[in-house]
């Protein structure tokens, strides 16, 4: 006691002791508080079980762990390892736990929860005290957080790669358009010589006819000037004689007939040139929309007119067997490209037959849901290995510099991807090949 403090009297000490609760009451209050707290705890699992595992008493954490085992139709969740039989065989020790370690709870098929705990057996019943491993939970939480971070990074990478793929897709579309254009120009280049010949023929006789017309007009003008001079100089007899002489000299009757033929032939030649230009325009579809209601027969005829000179120069006989074809919603410019590619391939295939022996037969049929076109040739045919690769990009059987290997690839993409149809091939070596196009009547918009 501090000597500076006044000494308490006995009455003061008695009053101080009576003001505090007795130790026995405090202990009972703490025990009641601890019991209430433990019975409602969720992080701790406390339970009393019979030797066969039947629950006698369970706090909230144990009830939550066991789930609906005690409910009708509930899943039986119980202590899996160590089992109750193993714990019962360990005997009774009231002053020490019969088991200390990890307790596994589950439904007898899978282990659902693992807890750190102890098992006591003060009597017949088994007392289980267990807690969830906080350190393990923190570790799992850290792993989950790390996984979430990885998933977020992967999602970002996925978005970035998706954008890159979209850009690549745009580039591929642009490249495809350029390849289509390049292949079309390549095909037109192969046909340029034949088209030039076809245009030069009518232009040659138009030029000749116009030259002849100029000479005939000059003769007529000279005769008229002579007749006019005679009429101004002399009498009627002289004019009459001069007119007869001029008629004989310039052969007026022949000139009248020949001039009519020259004009008719010239107009015919110009009409042929105009038809060639119209076929070129129809083939290129420069004045038409990309998708429209189109006549397949018109497209095929214009393509044949473009390819005709080259086929005729090579001595290839082309036969067309028409059926009644409906108009289809399609891309006529792209289909014309396909028709031209197939004709050029067929013409090159029949070159082995020699000039005048190559034949190409085109058959067009109207079906219930689609229009079918067959391009059949009597060329060298293809083996099964070649037939399986003809639609692969850049695959060609032609010598280097004579083929791009893109004609059938682009044709396949146009028919399948842009029109929802099919392009198939069958071939017999030494006999010939047939490429078949099917176009649905209703284009998927």
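Before moving on, here are some points about what is shown:
- Test: residue 313 is surrounded by fewer than 15 Cβ atoms within 10 Å (Cβ to Cβ), out of contact with any strand residue (DSSP E or B) (no Cβ under 9 Å at 6 or more places or on another chain), at pLDDT 70 or above and outside the structural domain of residue 213 (by TED's automatic domain parsing): yes
- Matching residues, the stretch 319-341, being part of a helix (DSSP H, G or I), surrounded by 23 or more Cβ atoms within 10 Å (Cβ to Cβ) and in contact (Cβ under 8 Å) with a residue 60 or more places away in the chain: 335, 337, 338, 340, 341
- The stretch 342-356, subset touching a strand residue (DSSP E or B) at 6+ places or on another chain (Cβ under 9 Å) and in a helix (DSSP H, G or I), residue modelled with the lowest pLDDT: 353
- Residue check for residue 415: outside any loop (DSSP other than H, G, I, E, B) and at pLDDT 85 or above: yes
The values are calculated or read from the model by the stated rules, or taken from the named source; none is laboratory data. Fair warning: this is a prediction, and the values are worked out from it, not measured in the lab. Every residue, glycine as well, gets a Cβ built from its backbone with ideal geometry; the counts of neighbours run over all protein chains shown.
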